[in-house]
Amino acid sequence: MSVVVLISGRGSNMQALLDAGLPVAAVIGNRADAAGLAIAARRDLVTAAIEHKDYRTREEFDAALAAEIDRHSPRLVALAGFMRILTPGFVAHYAARLVNIHPSLLPAFPGLDTHRRALAAGVKVHGCSIRFGGARVCHGPIIVQAAVPVRPGDTPDRLAARVLRQEHVVYPRAVRWFLDGRLVVRDGVVSVKGSDAQLVYSDSD
């Protein structure tokens, strides 16, 4: 039933998973100075750093990362701010048990700098998506989304903070659904057994 979490930085979504009482077996970062590794260590979790800069190719890095992950025999691998593009081989190795979070309402605004791009596009609603890992960046069956209004005078930082609060709500929910065996994927569309609450909308600050 365990989860391995991959991070690159502060690990706020990792902390949300821990605070929700989810069975995290280990936290792995691609940078030894990732702040989230220290936070996880203080919670007596197993941590490891697999530095991507130590490997010549993405394939070599992904092979080393997978070897470290597989030491823990996780049921699920959760990317929580893991800022690396993973190879198709890595994604295939964890097919149907790799989840990721993206700070936009996919398929809108894939890639980086989503909050600035959302404001520049003039959208009225923005948010985040939890999805299964796919062969292409920012692709894969969507498990749950959270939406927030875009307010007059919003800056990218203000909008990002509002979205981040909802990330911390829906990511633990998606992981719990997975571990409880409630997610069903048919023709690339995810449903939840016993629930259709796959969209959260929050208009609070």
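The values are calculated or read from the model by the stated rules, or taken from the named source; none is laboratory data. Keep in mind the model is a prediction, meaning the values are calculated, not measured. Cβ: placed from backbone, ideal geometry, glycine included. Neighbour counts: every protein chain shown. With ligands, DNA and RNA removed, areas are computed over all heavy atoms of the protein, side chains included. Shrake-Rupley method; radii C 1.70, N 1.55, O 1.52, S 1.80 Å.
Structural remarks
- Taking the conditions (1) among the aliphatic types (A, V, I, L, M); (2) open to solvent by less than 60 Å² (accessible area, probe 1.4 Å); (3) in contact (Cβ under 8 Å) with a residue 40 or more places away in the chain in turn, ALA96 satisfies each one other than (2).
- The condition of being touching an Asp or Glu at 6+ places or on another chain (Cβ under 7 Å), surrounded by fewer than 19 Cβ atoms within 10 Å (Cβ to Cβ) and farther than 30 Å from VAL123 by Cβ holds for only one of ALA25, ALA48, ALA35, ALA41, that being ALA48.
Table: residues versus (1) in a helix (DSSP H, G or I); (2) at pLDDT 95 or above; (3) more than 27 Å from CYS128 (Cα to Cα).
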residue	(1), (2), (3)
LEU6	no, yes, no
GLN15	yes, yes, no
LEU18	yes, yes, no
GLY21	no, yes, no
ALA26	no, yes, no
GLY36	yes, yes, no
ALA41	yes, yes, yes
LEU65	yes, yes, no
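- Residue list for the stretch 68-87, filter: within 22 Å of SER129 (Cβ to Cβ) and open to solvent by 30 Å² or more (accessible area, probe 1.4 Å): ARG75, GLY81, MET83, ARG84, ILE85
- Pairs where the first residue, in the stretch 46-58, is assigned to a loop (DSSP other than H, G, I, E, B) and the second is among the basic types (Lys, Arg), C-beta under 7 Å, 6+ apart: GLU51/ARG31
- Failed criterion for GLY111 (all others in (1) within 15 Å of the chain's Cα centre (by Cα); (2) closer than 14 Å to TYR171 by Cβ; (3) without any contact (Cβ under 8 Å) to a residue 40 or more places away in the chain; (4) not in a helix (DSSP H, G or I) hold): (2)
- All conditions but one from (1) modelled with pLDDT under 95; (2) among the hydrophobic types (A, V, I, L, M, F, W, C); (3) open to solvent by 40 Å² or more (accessible area, probe 1.4 Å); (4) out of contact with any helix residue (DSSP H, G or I) (no Cβ under 6 Å at 6 or more places or on another chain) apply to ILE142; the one that does not is (1).
- ARG84 being farther than 21 Å from ARG58 by Cβ and of a type in the set (Lys, Arg): no
- The one condition in (1) in contact (Cβ under 8 Å) with a residue 12 or more places away in the chain; (2) part of a loop (DSSP other than H, G, I, E, B); (3) within 25 Å of TRP177 (Cβ to Cβ) that ILE69 fails to fulfil: (2)
- Which numbered condition ARG136 misses (of (1) under 26 Å from ARG176 (Cα atoms); (2) touching a strand residue (DSSP E or B) at 6+ places or on another chain (Cβ under 9 Å); (3) assigned to a loop (DSSP other than H, G, I, E, B)): (2)
- Against the test of being of a type in the set (Lys, Arg), open to solvent by 20 Å² or more (accessible area, probe 1.4 Å) and assigned to a loop (DSSP other than H, G, I, E, B), the options ARG151, ARG165, ARG176, ARG158 yield a single qualifying residue, ARG151.
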